[in-house]
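> What follows is a structure written as C-alpha cells; I'll ask about it next.
The values are calculated or read from the model by the stated rules, or taken from the named source; none is laboratory data. On a predicted model such as this, the values are computed, not experimentally measured, just so you know. Every residue, glycine among them, receives a Cβ derived from its backbone with ideal geometry; neighbour counts consider all protein chains shown.
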Amino acid sequence: MKRYKWGILAPGKMSAKFTRGIKLFENAELFAVGSRERDRAKKFADEFGFEKYYGSYEELAADPDVDVVYVASPHSFHKEHTLLCLRNGKNVICEKAFAINAREVNEMISEAKKQDLFLMEALWPPFQPFYNKAHEILDSGMLGEPVHLYGYFSFHPPFDPLDRKYNLALGGGSLLDIGLYPVIDALTFLGVPDDIKALASFSPTGSEESISMIFKYSDGRMANLYSSFSTNVGIGCDILCEKGNMTVARGRDMSQRVILNLHGKDKEEFTFNPPAMGYHWEAEEVMRCLDEGRKESPVVPLSFSLDLIKTLDRIRKAAGIVFPGID
Ligand SMILES: NC(=O)c1ccc[n+]([C@@H]2O[C@H](COP(=O)([O-])OP(=O)(O)OC[C@H]3O[C@@H](n4cnc5c(N)ncnc54)[C@H](OP(=O)(O)O)[C@@H]3O)[C@@H](O)[C@H]2O)c1
C-alpha cells in the first residue's frame, strides 16, 4: 500500500477539520505544515502530530518528500498557492471557492495539466451520504422529474472588517463562502442555468452580506437560492418534483438528513452522522485517484469546478459584486 505524505498549507480552522479526516487513513501520513508564521506551523504540527513544520508556504512546497498539499488559505490566495505547489511538483486539493473567478481557475487547471499533476477542488457535498441518498431517490423515478429547487445557507457571524468573510481583499462575502453550496445543489440536481438574476446587499466594508438568486432553465424549471451572513437558517435545499418533494439538509452539528415527501404518502426521513464531519472522503478520494494514476477526480471533475466558478461569476455580475484589484 502506497503511503502519502500530506502537507497542510495555511493551518486555520478548516485545516484542523480536514486534518482530523486525513488522520483516519492508514495510507495517509501527517507529514508537514506550512504557515506564514513558524510558531503557528509548530503549534498545529504539535497538536495533530505532523513530522515537520515550516514558517513559509514556499518551504512547504519545496519539501521534496511531500506528495500532496491541502491548500486552505483565503479564496483570494488559492490560485497563487495552488500554482506554487504545482510548480514544485505537488499534487493539490484546494479548498472552495477554488479561486476568485473563472480566469484564475483556468490558470490552475492549465498548470496542473502542464505539470501532469492531480488537482481537485475540496467540495464536500458530492461525497456525503445525504447527497448519495438524494441521487438514489431521484434516479429511482419515484419523485418524477425535479421542477424547482429552493436552496439556502446562512449563519450570523460577528461583523469583523478584517475577517476573511467581510474583507474584500480576501474574497469576502457570503456567496463564495457559503452561497456556493446552494449553487452546487442547483448545478447538481438541475444543471447549469440558462438565465440568472441576482440581487445583493452589502456590509459596511462593501463585501456582499446577503444574496438572492434566481436560476431559470430553458425548459421552464427554476431555482431560488439564498445565502447570508445576517440570518441563521442553516444549510439545505428543497427539491420540488412532479410526484412529491425532498428536503436535503445538514444540521449545525453536521448531521445530515433527507426527508422524502411523496404526494399522498407519509413522510420518510433518513439521517446520517458520518465521522470527521464527512471531510475524510475528500482525502480518501485524492489518495484513491493517486493510486489509480488519475489527474482529476471523477467525483469532483475539474469540469464541474469550472461550471461552478463560471456560474458564480455570472451571479456576481448580475448582483454587482466586485473584488477591487483582484478581478
Ligand atoms: N469545505 C468547507 O466546509 C469549508 C469550511 C470552512 C472554510 N472553508 C474554506 O477554507 C478556506 C480557509 O477558511 P478558514 O475558515 O480555515 O479560514 P481561517 O481560519 O481564517 O484560516 C485561513 C488561514 O489562511 C492563512 N492566510 C494566508 N494569508 C492570509 C491572510 N492574508 N489573511 C488571513 N489568513 C491568511 C492563515 O494561516 P497562516 O497565516 O498561519 O499561514 C489562516 O490561518 C477558505 O477558502 C474557506 O472558504 C471550507
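> Residue pairs, Cβ under 9 Å, 6 or more apart or interchain, first in segment 255-281 and in the same structural domain as residue 135 (by TED's automatic domain parsing) and within 14 Å of residue 241 (Cβ to Cβ), second surrounded by fewer than 16 Cβ atoms within 10 Å (Cβ to Cβ) and of a type in the set (A, V, I, L, M). List them.
260/142; 262/142
> Can I ask one more? Could you tell me whether any residue of segment 290-302 is in the same structural domain as residue 147 (by TED's automatic domain parsing) and either basic (Lys, Arg) or without any contact (Cβ under 8 Å) to a residue 12 or more places away in the chain (or both)?
No: segment 290-302 contains no residue that is in the same structural domain as residue 147 (by TED's automatic domain parsing) and either basic (Lys, Arg) or without any contact (Cβ under 8 Å) to a residue 12 or more places away in the chain (or both).
> Out of 303, 255, 230, I need the residue that is among the polar types (S, T, N, Q) and over 20 Å from residue 184 (Cβ atoms). Which one?
230
> Then there's this: Can you spot a residue in segment 55-75 that is surrounded by fewer than 17 Cβ atoms within 10 Å (Cβ to Cβ) and closer than 21 Å to residue 167 by Cα?
There is no residue in segment 55-75 that is surrounded by fewer than 17 Cβ atoms within 10 Å (Cβ to Cβ) and closer than 21 Å to residue 167 by Cα.
> Right, another one. Could you say whether any residue in segment 154-175 is in the same structural domain as residue 245 (by TED's automatic domain parsing), loosely packed, with under 14 Cβ neighbours inside 10 Å and either closer than 19 Å to residue 243 by Cα or aliphatic (A, V, I, L, M) (or both)?
yes
> Scanning segment 293-321 for residues that are closer than 16 Å to residue 113 by Cα and among the small types (Gly, Ala, Ser), which turns out surrounded by the fewest Cβ atoms within 10 Å (Cβ to Cβ)?
Among them, the one singled out is 293.
> Ok, one more. Please name all residue pairs, on different chains or six or more residues apart, with Cβ atoms under 9 Å, provided the first residue is in segment 158-183 and is farther than 20 Å from residue 314 by Cβ and free of Cβ contacts under 8 Å to residues at least 40 places away in the same chain and the second residue is buried (at least 24 other Cβ atoms within 10 Å of the Cβ) and of a type outside the set (Phe, Trp, Tyr).
163/172
> Yes or no: residue 136 free of Cβ contacts under 8 Å to residues at least 40 places away in the same chain, in the same structural domain as residue 10 (by TED's automatic domain parsing), within 28 Å of residue 283 (Cα to Cα) and not in a loop (DSSP other than H, G, I, E, B)?
no
> Does residue 244 meet the test of being more than 22 Å from residue 95 (Cβ to Cβ) and free of Cβ contacts under 8 Å to residues at least 60 places away in the same chain?
Taking the combined requirement at face value, the residue does not satisfy it.
> OK, next. Among the numbered conditions (1) touching a strand residue (DSSP E or B) at 6+ places or on another chain (Cβ under 8 Å); (2) part of a helix (DSSP H, G or I); (3) more than 16 Å from residue 127 (Cβ to Cβ), tell me where residue 286 comes up short.
Unmet for residue 286, out of (1) touching a strand residue (DSSP E or B) at 6+ places or on another chain (Cβ under 8 Å); (2) part of a helix (DSSP H, G or I); (3) more than 16 Å from residue 127 (Cβ to Cβ): (3).
> For segment 167-175, check the following and say yes or no: at least one residue is more than 11 Å from the ligand (Cβ to nearest atom), over 14 Å from residue 224 (Cα atoms) and over 16 Å from the mean Cα position of the chain (by Cα).
Yes: segment 167-175 contains one or more residues that are more than 11 Å from the ligand (Cβ to nearest atom), over 14 Å from residue 224 (Cα atoms) and over 16 Å from the mean Cα position of the chain (by Cα).
> Given segment 1-120, what strands (runs of 3 or more DSSP E) lie entirely inside it while holding 2 or more residues that are closer than 19 Å to residue 289 by Cα and more than 16 Å from the ligand (Cβ to nearest atom)?
4-9, 28-34
Every residue, every condition in (1) of a type in the set (Lys, Arg); (2) in contact with a His (Cβ under 7 Å, 6 or more places away or on another chain); (3) at pLDDT 95 or above, yes or no:
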{"residue": "96", "(1), (2), (3)": "yes, no, yes"}
{"residue": "100", "(1), (2), (3)": "no, yes, yes"}
{"residue": "112", "(1), (2), (3)": "no, no, yes"}
{"residue": "132", "(1), (2), (3)": "no, no, yes"}
